[in-house]
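Novice: Sending over a structure as structure tokens; questions will come in a sec.
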Amino acid sequence: MAKELLKGNNAMAEAAIRAGCEAYFGYPITPQTELLEHMAARMPELGRAFVQAESEVAAINMVYGTACTGKRVMTSSSSPGVSLMTEGLSYIAGTEVPMVLIDVMRGGPGLGNIAPAQGDYNQMVRGGGHGDYKSIVLAPASVQEAIDLTVLAFDLAEKYRAIAVVLADGSLGQMMEPAELPEMQPLRKGTPDWAITGEPGRPRRLLTSIYLQPEAEETTNIRLQRRWLDVEANEVRYQETYLDDADIALVAFGTAGRVALSAVRQARAEGIKVGLFRPISLSPFPVAQIRQLASRVRSLLVVEMNAGQMLDDVKLAAQGACPVEFYGRMGGVVPLPDEVLAEILRVSTHPTADLNGHTRAAWLDRLEAGRGGN
Amino acid sequence: MLTTDIQNAKVVYERPEGFTDLTTHYCPGCTHGTAHRLVAETLDEMGLREHSIGVASVGCSVFSYNYFDMDFVQAAHGRAPAMATGIKRVFPDRAVFTYQGDGDLASIGMAEIMHAAGRGENITVIFINNAIYGMTGGQMAPTTLPGMKTTSSPNGRDVETQGYPLRMAEILATLDAVSYSVRRSLHDPANIRKAKKAIRTAFEAQRRGLGFSMVELLSSCPTNWGMTPLDSLAFIEQKMVPAFPLGDYKVVDAVKSMKMKEG
């Protein structure tokens with residue numbers, strides 16, 4: 001297929017359709033609404049299910065219903081809406097049925113605003129809902145990657161009977177870029193051997209997330225944890241740029257990774273040996289790769305559009321092998337490449353020696369000084 | 001000596017095929033067992049048992065999936081109509097039903113039931129109204145009668161601060177896409193037979209694609225009402241029926257004109 005000029009939200013919706021998504025349930029919320037609108041037009045014309053639910057709570061439970069039938073199903077939302085879905089996500093994880101969620105993140109907390117942000121990292125990567133479960137979380141940095149990861153999300157969700165999240169943000173949802181959509185996949189015939197289908201002539205099937213005996217619930221938990229070890233072993237994805245000879249490595253995902261790459265290129269032009277490590281799978285997190293990276297660079301600089309949610313995971317992975325610095329903007333403010341460049345220059349000229357310093361306190365001091373009287 | 005003629009004996013009462021072999025966990029005198037049986041018998045008679053998908057709710061009926069011999073899922077509290085929507089939309093030829101109590105359907109799940117009905121989802125809802133939260137031990141429900149004592153209205157439901165019971169059969173009947181919304185009671189054999197007929201009508205409406213159908217069943221909760229089973233049945237008749245009048249609140253013409261084969 002040829003490249004087309006595509007808006008992120010529409011591109012992800014169409015990618016899901018071509019990946020064989022048979023049912024979509026959602027609720028309008030900016031900045032993801034075009035995704036729902038695309039589905040509203042396309043799913044009925046293909047004879048597939050589309051319902052604009054009465055709330056995100058209902059939407060995720062409709063997803064839960066279809067997920068139990070083994071058919072490919074998804075929803076999409078943005079941060080406050082995703083908060084409402086976390087109850088359902090926990091049930092879906094506990095029932096071990098596959099689904100895809102696209103979260104087009106916006107500024108928060110609370111009602112926040114509709115500007116791009118990355119404040120849902122903890123909510124998605126750390127679980128969100130109650131109990132011990134993990135979701136696969138994939139973070140695109142371009143419209144093309146958003147398309148590719150949406151298709152991948154359906155495959156991974158099915159493979160691991162898990163929730164797969166495409167964690168985008170308002171800028172990825174709203175921007176237009178040339179990108180190429182995949183071919184339309186034929187819908188799968190047949191359903192998995194666990195699916196609730198009301199099919200005559202076989203023993204009845206049951207899907208539930210309640211196990212009243214603690215030992216039985218623990219058995220389920222063990223199964224989930226074992227399966228997650230497989231995910232960690234097989235599904236780590238990341239991109240490295242200019243890291244071969246780097247003294248400083250930036251670590252950034254999604255849109256922040258894209259901004260960071262611009263800053264890295266500018267710094268390289270000024271002769272600074274800096275590179276970028278961009279985690280694509282935030283969960284499973286590229287722990288071993290970051291550990292190895294931390295052992296060969298002088299400093300890591302984490303850049304995020306939040307208050308350092310991935311920062312904690314980078315520090316855990318680095319295990320103190322090198323200082324970990326942080327620069328972030330919050331509340332829907334997207335950092336400019338020049339701001340990130342200034343941070344690279346600072347780290348390169350004043351290497352931090354103190355591993356025990358308060359990373360966030362120092363960052364907040366610099367951030368507030370930089371904002372002046374705002 | 002009394003002898004029994006086994007050869008010519010006729011089975012007049014047996015376990016429905018739609019039931020598993022398990023004994024229910026319900027308290028003695030609770031009418032959940034009766035309601036379960038009516039649903040199972042109906043699906044048997046309609047030949048739908050193996051083409052059905054049940055959606056269990058949260059409350060005492062959380063384990064209803066153990067007792068019906070058919071595919072089942074277990075919904076989150078109040079979300080059964082949303083989950084049923086997700087199933088029915090991709091398996092429109094299956095008989096999809098929810099089985100919900102009053103806390104589940106009329107309190108935490110009010111949005112889901114109203115909008116599933118408003119969309120005319122072609123599902124059947126069996127609504128057990130016993131005016132109390134059973135599973136958590138007898139708290140006030142949205143259908144608790146004025147003055148009725150519960151563990152969370154220890155001095156009796158005070159309508160000044162705790163409002164009035166919600167009449168779901170009447171409320172749902174106001175929605176255009178609802179094909180069938182009725183209330184029956186399980187307090188005596190005659191009413192149980194009427195309830196069975198209503199459940200059959202609801203599933204027949206679904207089978208014909210006529211849209212949302214709901215049967216509200218006035219039920220007992222001897223344990224949390226603090227009554228004997230018999231007194232509980234009398235309470236339904238004397239207290240609940242006046243507050244929740246039995247009747248057909250909506251039966252669209254297409255349902256009225258259905259010709260049902262007697263099972």
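Novice: Projected onto the charge dipole of the protein assembly as shown (+1 at Lys/Arg Cβ, -1 at Asp/Glu Cβ, origin at the Cα centre), which of A:241, A:349, A:201 gives the Cα projection farthest towards the positive end?
Specialist: Looking along the dipole axis, the top candidate is A:201.
Novice: Which of rounded, prolate or oblate describes the range A:240-370 when judged by the alpha-carbon gyration tensor and an a/c cut-off of 1.5?
Specialist: Taking the square roots of the gyration eigenvalues as a ≥ b ≥ c, the range A:240-370 is rounded.
Novice: Taking every DSSP beta bridge that has both residues in the protein assembly as shown, what percent is antiparallel when rounded to the nearest 5?
Specialist: Approximately 25 percent, going by the DSSP bridge assignments.
Novice: Here's something else I'd like to know. Using a cut-off of 16 Å between alpha-carbon atoms, which lysines can reach residue B:239, once sequence neighbours fewer than 8 places away in the same chain are excluded?
Specialist: Result set, ordered by chain and number: B:149.
Novice: Give me the accessible area per residue for the range A:4-234, probe 1.4 Å, as a whole number in Å².
Specialist: Solvent-accessible surface per residue comes out at 35 Å².
Novice: Looking at the square roots a ≥ b ≥ c of the eigenvalues of the Cα gyration tensor of chain B, which shape do they give, rounded for a/c under 1.5, prolate if a/b is larger than b/c, or oblate?
Specialist: Cα axes put chain B in the oblate bin.
Novice: What percentage of the solvent-accessible surface of the protein assembly as shown, computed with a 1.4 Å probe over protein heavy atoms, is contributed by carbon and sulfur atoms?
Specialist: Here it works out to 53 percent.
Novice: Once every DSSP H run of n ≥ 4 in chain A is given -39500 (n - 2.57) and the sum is divided by its residues, what mean residue ellipticity at 222 nm do you get, rounded to the nearest 500 deg cm²/dmol?
Specialist: -13500 deg cm²/dmol, from helical runs alone.
Novice: If we sort B:155-163, B:6-14 on the protection proxy, mean other Cβ atoms within 10 Å, highest first, what's the order?
Specialist: The most tightly packed comes first, giving B:155-163, B:6-14.
Novice: So what's the back-of-envelope 222 nm ellipticity for chain B, counting only DSSP H runs of four-plus at -39500 (n - 2.57) apiece and dividing by all residues, rounded to 500?
Specialist: -8000 deg cm²/dmol
Novice: Let me ask something additional. With chain A treated as a Gaussian network of Cα nodes joined by springs under 10 Å, which of A:216, A:317, A:288 yields the largest mean-square fluctuation?
Specialist: In the Gaussian network model the winner is A:216.
Novice: In addition: HN-Hα J couplings of the range B:156-172 from phi, Karplus 6.51/-1.76/1.60, θ = phi - 60°, integer Hz, Gly and Pro as x?
Specialist: x, 4, 8, 5, 5, 10, 10, x, 10, x, 9, 9, 6, 4, 5, 4, 5
Novice: In addition: Could you point to the residue in B:161, B:130, B:114 farthest towards the positive end of chain B's charge dipole, with +1 and -1 charges on the Cβ of Lys/Arg and Asp/Glu respectively?
Specialist: Towards the positive end, the residue furthest out is B:114.
Novice: Once you have a ≥ b ≥ c as the square roots of the Cα gyration tensor eigenvalues for the range B:1-155, tell me rounded if a/c is under 1.5, and otherwise prolate or oblate according to whether a/b is larger than b/c.
Specialist: The shape class here is oblate.
Novice: Here is a follow-up. Among bridges DSSP assigns within chain A, what percent are antiparallel (round to 5)?
Specialist: 25 percent
Novice: Moving on. What helices in chain A pass both tests, a Cα length along the helix axis of 20 Å or more and a mean Kyte hydropathy of 0.0 or higher, using whole DSSP H runs?
Specialist: The qualifying helices are A:79-95, A:143-160, A:254-269.
Novice: Now for a separate question. For the pair B and A, how large is the buried accessible area, both sides, in square angstrom to the nearest 100, if the probe is 1.4 Å?
Specialist: Chains B and A together bury roughly 2700 Å² of accessible area.
Novice: If the cut-off is a Cα-Cα distance under 19 Å, which lysines reach residue B:259, setting aside same-chain residues fewer than 8 apart in sequence?
Specialist: Here the lysines satisfying the reach criterion relative to residue B:259 are B:194, B:196, B:197, B:250.
Novice: With charges set only on the Cβ (+1 for Lys and Arg, -1 for Asp and Glu), what does the dipole of chain B come to about its Cα centre, in debye to the nearest 20?
Specialist: 440 debye
Novice: May I pose another question? Compare A:331, A:271, A:107 in a GNM of chain A, Cα atoms joined below 10 Å, and give the one with the largest fluctuation.
Specialist: A:271
Novice: Send over a whole-number figure in Å² for the accessible area per residue of the range A:267-373, probe 1.4 Å.
Specialist: 42 Å²
Novice: So for chain A, taking the charge dipole from beta-carbon charges (+1 Lys/Arg, -1 Asp/Glu), which of A:358, A:69, A:6 sits furthest toward the positive end?
Specialist: Ranked along the dipole, the leading option is A:69.
Novice: Right, something else. Note every residue of the range B:86-101 with a reduction of at least 10 square angstrom in accessible area, all protein chains present versus the isolated chain, computed with a 1.4 Å probe, or write none.
Specialist: Residues losing area: B:86, B:87, B:89, B:90, B:91, B:94.
Novice: What accessible area per residue comes out for chain B, rounded to a whole number of Å², with a 1.4 Å probe?
Specialist: Solvent-accessible surface per residue comes out at 42 Å².
Novice: If I build a Gaussian network model for chain A, linking alpha-carbon pairs within less than 10 angstrom, which residue out of A:235, A:339, A:199 has the largest mean-square fluctuation?
Specialist: In this elastic network of chain A, the residue with the biggest mean-square fluctuation among A:235, A:339, A:199 is A:199.
The values are calculated or read from the model by the stated rules, or taken from the named source; none is laboratory data. Nothing here was measured: the structure is a model prediction, and the numbers come from that model. Every residue, glycine among them, receives a Cβ derived from its backbone with ideal geometry; neighbour counts consider all protein chains shown. The protein model used for the area step is the full one, side chains on, heavy atoms only, and it has no ligands, DNA or RNA in it. Shrake-Rupley method; radii C 1.70, N 1.55, O 1.52, S 1.80 Å.
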